[in-house]
1. Given the options B:87, B:116, name the one that is part of a helix (DSSP H, G or I) and either within 23 Å of the chain's Cα centre (by Cα) or surrounded by 12 or more Cβ atoms within 10 Å (Cβ to Cβ) (or both).
2. For residue B:130, all conditions in the list (1) at the interface with chain A (Cβ under 7 Å from one of its Cβ atoms); (2) at pLDDT 90 or above; (3) within 24 Å of residue A:12 (Cα to Cα) hold save one; what is the number of the exception?
3. Here are some residues: B:28, B:16, B:9. Which one is away from chain A (no Cβ under 14 Å) and within 22 Å of residue B:196 (Cα to Cα)?
4. Count, please, the residues in the stretch A:156-181 that happen to be part of a loop (DSSP other than H, G, I, E, B) and at negative phi.
5. With respect to residue B:191, is the statement that it is within 30 Å of residue B:145 (Cβ to Cβ) and either in contact with a helix residue (DSSP H, G or I) (Cβ under 8 Å, 6 or more places away or on another chain) or not assigned by TED's automatic domain parsing to the domain that holds residue B:143 (or both) true?
6. Test of understanding: among B:76, B:47, which residue is more than 9 Å from chain A (Cβ to nearest Cβ) and part of a helix (DSSP H, G or I)?
7. Mind listing whichever residues of the stretch A:262-277 are buried (at least 22 other Cβ atoms within 10 Å of the Cβ) and more than 7 Å from chain B (Cβ to nearest Cβ)?
8. Give me the residue from the stretch A:71-106 that is in contact with a strand residue (DSSP E or B) (Cβ under 7 Å, 6 or more places away or on another chain), free of Cβ contacts under 8 Å to residues at least 60 places away in the same chain and in a helix (DSSP H, G or I) and, out of that set, nearest to residue A:234 (Cα to Cα).
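The values are calculated or read from the model by the stated rules, or taken from the named source; none is laboratory data. These figures come from a predicted structure and were not determined experimentally. Here the Cβ positions follow ideal geometry from the backbone for every residue, glycine too, while neighbour counts run over all protein chains shown.
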């Protein structure tokens, strides 16, 4: 019995000093294998902020105007782009006018990609059902200016078409013209700027999506009603895809690799702790 | 004069913006709106300044053969390629710039961020220890949130996602709110110190 325990301790000691390359390989495999096997886990949607977001958008009447701000760049695209696709699909299916813009320079191109591809699949027409105003610098200050005049900030859209030549913008004057503002945010400027400047100052409902790492800080906005709903990370995107009924959505596909990767990381933490306690018991530094 | 002029500009513009929040009427509205537009113009100019600085830093690195200078030509070529393509063909959809952005910049950016998962796993393995009851509490919460954030959590036990939502909505929100209120009070006090000329570090120097 004692020898078995000693062997176990030695194994744990070895595992505790595991080469980081082994960890990297196992993490890579935990993502690659489920993806290649096309493994899909069922994604039940409970009482999550993503459901609140869906229900708010779903309750908007046809013909409503929604401002969608693409406040992210390619680095956070794997999490935020599926959200954008699911949201734009939902909005366009409900015949809601989508006005896109970006607080991040590269967000304008990513937004264009999403809106044009979804619009093409649903037969929506640019400048009648959707448009992309593009990127403007200024963050929160720019949002305040949008509150007094949209036209002053965006005299043309991303393709240099004059504001007055875009039919769907005829009745849009400032932020209060919108029924909802949705921001897909990867950092600053993003959700806090929209909540503080557009939501609190001009009274326009704000909803949003963000990376999983930044989601915890926005729960305070949900509790106070400063945000109508939130999509947090790939799980939030998967929830929205499920609720909208998107078949073969990128986020739902990503749930299986993420599940396995989380289990692998948790296993490493457990192994690391067992090794730590073994060393501590032997009087090591740990 | 070198001190009084910037402090006066800060005081006047700061006061206009404070008044603009509370008094949405002329002439404050006009002044506030214009200042906001000036800010956007200055911020746009800063982007050009940033691009010039980027080129300056990398050309200097190559010239002096500083550490890792071999990567600098890649940065310069990449920057110039995107810049010239955008200048010639424009940045609208279905143009070479857009093609390069979607097929080169976007996948490379996503790859860089994805590397984080590997480092998080390695760091968690080495540093996430249940060394005392507080660390154990944090570890347990982390496990619940990690499981609740993926469908496998509900497959193991359907109460895990509910526990995750509770953790995020109650203890997490309490902590986040304290941080947010603290930060907001800090922003207000620093802004007032700048407007009234008490805080002068933004002017540079040691005054």
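1. Details: B:87 fails: either within 23 Å of the chain's Cα centre (by Cα) or surrounded by 12 or more Cβ atoms within 10 Å (Cβ to Cβ) (or both).
So the residue among B:87, B:116 that is part of a helix (DSSP H, G or I) and either within 23 Å of the chain's Cα centre (by Cα) or surrounded by 12 or more Cβ atoms within 10 Å (Cβ to Cβ) (or both) is B:116.
2. Just one mismatch for residue B:130, condition (2).
3. Details: B:28 fails: away from chain A (no Cβ under 14 Å); B:16 fails: away from chain A (no Cβ under 14 Å).
Residue meeting the stated conditions: B:9.
4. Residues of the stretch A:156-181 that are part of a loop (DSSP other than H, G, I, E, B), as a first pass: A:157-161, A:166, A:170-174, A:178-179.
Of the ones still in play, those that are also at negative phi are A:157-159, A:161, A:166, A:170-174, A:178-179.
Looking only at that region, the number is 12.
5. Details: within 30 Å of residue B:145 (Cβ to Cβ): no; either in contact with a helix residue (DSSP H, G or I) (Cβ under 8 Å, 6 or more places away or on another chain) or not assigned by TED's automatic domain parsing to the domain that holds residue B:143 (or both): yes.
When the stated conditions are applied, residue B:191 does not pass them.
6. Numbers: B:47 fails: more than 9 Å from chain A (Cβ to nearest Cβ).
None of the others qualify; the one that does is B:76.
7. Scanning the stretch A:262-277 gives a single hit, A:275.
8. A:88
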